[in-house]
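As structure tokens, the structure follows; a few thoughts come after it.
What follows draws every value from the coordinates through simple rules; no lab data is involved. Worth saying up front: this structure is predicted, and the values here are computed from it rather than measured. Virtual Cβ from ideal backbone geometry, glycine too; neighbours counted across all protein chains shown.
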Amino acid sequence: MKMNKSTVRGVRRRGISTVIGMIIFISVLFTAVVPMYVNMNQADMVYAQREAEVKRLDEQRSREELLVYSYPTGKDRPHELTIEVFNRGAEEVSIVRIWFNEKYRSLERTLKPFENVVLGSYDVNPTDPGIVDVSCTTDRGNVFVNQGGSLYFVGGFWDIDALLVNVLISYNQNAIIEYTLYMKLQAKDDWIQIEKAKIIHKGGESIKSFDVTAYGSPNTFRCVAKVGSTVILDSTAEMHWPSGSNVVWILP
Amino acid sequence: MYNGGLLIFNTEFRLRKGYSSVISSMILTSAVIIIGSILWAYSQSATVVMTNSYVDETFSTLNNLIERFTIEKIYYNDTDKKMILYIYNYGDISITLDIYINSSNGSAFSSSDNNVDRQCLQRIEIPVDVSSGSVLSIKCHTRRSNDVLAKYYVL
């Protein structure tokens, strides 16, 4: 009878430590392990988010395409250069600085895709004789140099290396492209052929550059590009140097 | 008297009979609580240390990953015999740069502890004495171990 009582009491008390142990285990789980897991998870989330942001920034940076043109403002302002920019890319581009040799001007100008803007006229105070290199920096850290190369200031006048017509072709197959460049005869209002070239195109985009210094400026140029007998490009561009850039683009 | 004494002893024994099991239960429970508390405190501190270590390492790796800068402009000032670099930090965290310049004629120059704040352009001047025609290899090394390289031809 006594043995039975003792056994019953022993059975009754035997689970207390187990219960307390379980309570401690659960409290450890909820006060230490779960916060650790939550904090680690949050750190991972922040990491993944920032990594994605940086990847996006890098992609946007690589897609930035800015064409910078620089040309004399006018004969009445011989020390000034006009800066014109064309955003050829599909991304918005913010220009933060314009460099004239070792000096820069800060600005904030955002260009939408395919927007062409004259940023303004800048007194660059050139030495005579001297060279002026122009470039623009974007907020994503890209530096785009003047399409026409260096500008030379000699005897109070601006000069350049060459007049160029750049033809951009976008064609998604491998092909031999035949370019024919024409110039407009002002007197007859007729086109005369001045250059011809055949280029092996390996898909995507390609640029063919024509040196038209010998034909002078202002002038109007027309380029016809063919694959076999198929015309893939027929466009014109006007060159207005020295009151415009010495480089013009013929785009599809 | 003898019988009476035995009776008293038996009665006292019976009165005290439950104490040992209560005490042993209390000792056992106390032991469980103490060991459990130590375990809880240890696990708490261990997880805090582990969490801090993990978070620090993650953010350190992240900072290394998100560092972005470029050498925006380089030129050599022949009069002052100085190399002038404009470093543009277009990232979201400030950087500390060590710059190393090696010339094609074998001479080497450096500049340490150059801080560039986020979204800022920093002008850095480094005393460099090189002759015309030298080719300079420029290496900008951040304290987070990112590099940007450039070459400069001295005219």
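Each Lys or Arg adds one and each Asp or Glu takes one away; over the other residues whose Cβ falls under 11 Å from the Cβ of A:Lys198, this sums to +2.
Sorted ascending by nearby beta carbons within 10 Å, beginning with the fewest, A:Val33, B:Val128 become A:Val33, B:Val128. Karplus-derived 3J(HN,Hα) values for region B:84-100, using 6.51 cos²θ - 1.76 cosθ + 1.60 with θ = phi - 60°, are 10, 10, 10, 9, 10, 8, 9, x, 9, 10, 6, 10, 10, 10, 10, 10, 10 Hz; glycine and proline are entered as x. Among the listed pairs A:Lys184/B:Lys151; A:Lys103/A:Lys184; A:Lys208/B:Lys151; A:Lys112/B:Lys73; A:Lys112/A:Lys202, those whose Cα-Cα separation exceeds 32 Å are A:Lys184/B:Lys151; A:Lys103/A:Lys184. For the options B:Val55, B:Val22, B:Val130, a Gaussian network treatment of chain B with springs between C-alpha atoms closer than 10 Å singles out B:Val22 as fluctuating the most. Helical runs assigned H by DSSP (4 residues or longer) give the protein assembly as shown a calculated mean residue ellipticity at 222 nm of -10000 deg cm²/dmol, each run adding -39500 (n - 2.57) before division by the residue total. Between A:Ile176, A:Ile26, A:Ile160, the Gaussian network model of chain A with springs among Cα atoms under 10 angstrom shows the greatest mean-square fluctuation at A:Ile26. Taking other Cβ atoms within 10 Å as a rough exposure proxy, B:Ile99, B:Ile74 sort from fewest to most as B:Ile74, B:Ile99. Other residues with beta-carbon under 10 Å from the beta-carbon of A:Ser62 carry, at +1 per Lys or Arg and -1 per Asp or Glu, a net charge of -2.
Exposure proxy shown here: for A:Phe210, A:Phe221, B:Phe109, the number of other Cβ atoms within 10 Å sets the order, fewest to most, as B:Phe109, A:Phe210, A:Phe221. Using Cα atoms only, what is the angle between the long axis of helix A:16-28 and the major principal axis of chain A, expressed in degrees (0 to 90) to the nearest 10? The angle comes out at about 10 degrees. The charge dipole of the protein assembly as shown, taken about the Cα centre with unit charges on the Cβ atoms of Lys, Arg (+1) and Asp, Glu (-1), comes to about 3440 debye, rounded to the nearest 20.
Restricting attention to the protein assembly as shown, close to 95% of DSSP beta bridges with both partner residues there are antiparallel. Would you mind telling me which residue in A:Met45, A:Met183, A:Met22 has the biggest mean-square fluctuation in a Gaussian network model of chain A, where springs connect alpha carbons within a distance under 10 angstrom? Highest fluctuation among the options: A:Met22.
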